[in-house]
Amino acid sequence: AQSVTQPDIHITVSEGASLELRCNYSYGATPYLFWYVQSPGQGLQLLLKYFSGDTLVQGIKGFEAEFKRSQSSFNLRKPSVHWSDAAEYFCAVVPSTSGTYKYIFGTGTRLKVLA
Amino acid sequence: DTGVSQDPRHKITKRGQNVTFRCDPISEHNRLYWYRQTLGQGPEFLTYFQNEAQLEKSRLLSDRFSAERPKGSFSTLEIQRTEQGDSAMYLCASSIEGTGSGYTFGSGTRLTVV
């Protein structure tokens, strides 16, 4: 079965420190990959997406993610975290053969930023 | 266009009552999705519309749940005879077919069944 794993439930970093959030997927072929951010009580906002091509993708708010086929991973990174980045982050996949574009989400990583 | 709107933002209901939520997608988006998110989990797919046609429903969507999208514009999600297990955030999202642009999510409706 297709699945998405975000191994870290909670991550705490200091403001200005670098960040890496992990995402691994289980799927036979390379799916479409997404990262979303959710602030408390809000919907989800798209940070970035990967469909094909360059494996390093740039997103909004200074985030980037790298697709590694050999590791079935799509980790999210930011070189310097701001206090406003505190939120929950979700990795999602869509099978590339999907006609419905139905997302499979990970369980999320909650980011806390220390001043 | 102000994005995807969901109404109400919060709903508290007694067990056994019926509730209905509304979603207004971005006007040019022909695809509309409903997801359910429980505490500590990622969103789970419930159902999907392309224009007015409901093309897929999750097994999570029991017979007590029904969704409509008349005229391919706004959508409603109704839960009949609510149960405490229905307490969750219900998220609506819309997208344009074939663009790969990803979804635009609404802010969700938080349902609490007491």
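Derivation of every value follows stated rules applied to the coordinates shown; laboratory data play no part. What you see is a predicted model; the values in this text were computed from it and never measured. No Cβ is skipped: glycine too gets one built from the backbone with ideal geometry, and neighbour counts run over all protein chains shown.
A simple rule links phi to the HN-Hα coupling: the Karplus curve 6.51 cos²θ - 1.76 cosθ + 1.60 with θ = phi - 60°, which for segment B:13-24 gives 9, 7, 3, x, 7, 9, 9, 9, 10, 10, 10, 10 Hz, with x for Gly and Pro. Close amide H partners of B:Thr47, meaning residues 5 or more places away or on another chain with modelled amide H under 5 Å apart, are B:Trp34, B:Ser58. Inter-chain Cβ neighbour count for A:102-111, averaged per residue, equals 4 (cutoff 10 Å, partner chain atoms only).
Between A:Thr55 and A:Trp83, the modelled label-to-label distance comes to 3.8 nm, taking each label 7 Å out from Cα in the direction of the beta carbon. Pairs of C-alpha atoms in the protein assembly as shown farther apart than 21 Å represent 56 percent of all such pairs.
Sequence-ordered 3J(HN,Hα) estimates for segment B:48-53 from the Karplus curve with 6.51, -1.76 and 1.60 and θ = phi - 60° stand at 8, 10, 10, 6, 8, 8 Hz, glycine and proline given as x. Backbone phi angles across segment A:46-62, fed through the Karplus curve with coefficients 6.51, -1.76 and 1.60 (θ = phi - 60°), yield HN-Hα couplings of 6, 8, 6, 8, 10, 10, 5, x, 3, 7, 9, 10, 9, x, 7, 6, x Hz in residue order; Gly and Pro are listed as x.
Exceedance of the 28 Å cut-off in Cα-Cα distance is limited, within the set A:Lys78/B:Lys57; A:Lys61/A:Lys112; A:Lys102/B:Lys71; B:Lys14/B:Lys57; B:Lys14/B:Lys71, to A:Lys78/B:Lys57; B:Lys14/B:Lys71. For A:Ser18 and A:Arg69, a Förster radius of 25 Å and the Cβ-Cβ distance give a FRET efficiency of 0.60, rounded to the nearest 0.05.
Each listed q (0.17, 0.18, 0.23 Å⁻¹) maps to a log10 I(q)/I(0) for chain B from the Debye sum over equal C-alpha point scatterers, namely -0.76, -0.85, -1.36. Each of A:Ile60, B:Ile26 has some number of other Cβ atoms within 10 Å of its Cβ, and from fewest to most they run A:Ile60, B:Ile26. Ranked by how many other Cβ atoms sit within 10 Å of their own Cβ, fewest first, the residues B:Thr112, B:Thr82 fall in the order B:Thr112, B:Thr82. Put a dot 7 Å past the Cα of B:Asn51, heading toward its Cβ, do the same for B:Asp63, and the two dots end up 3.1 nm apart. A crude spin-label estimate for the pair B:Thr112 and A:Thr97, with each label 7 Å from Cα along the Cβ direction, gives 4.5 nm. Working value for chain A: equivalent-ellipsoid semi-axes of 24, 14, 12 Å, each the square root of 5 times a Cα gyration tensor eigenvalue, largest first.
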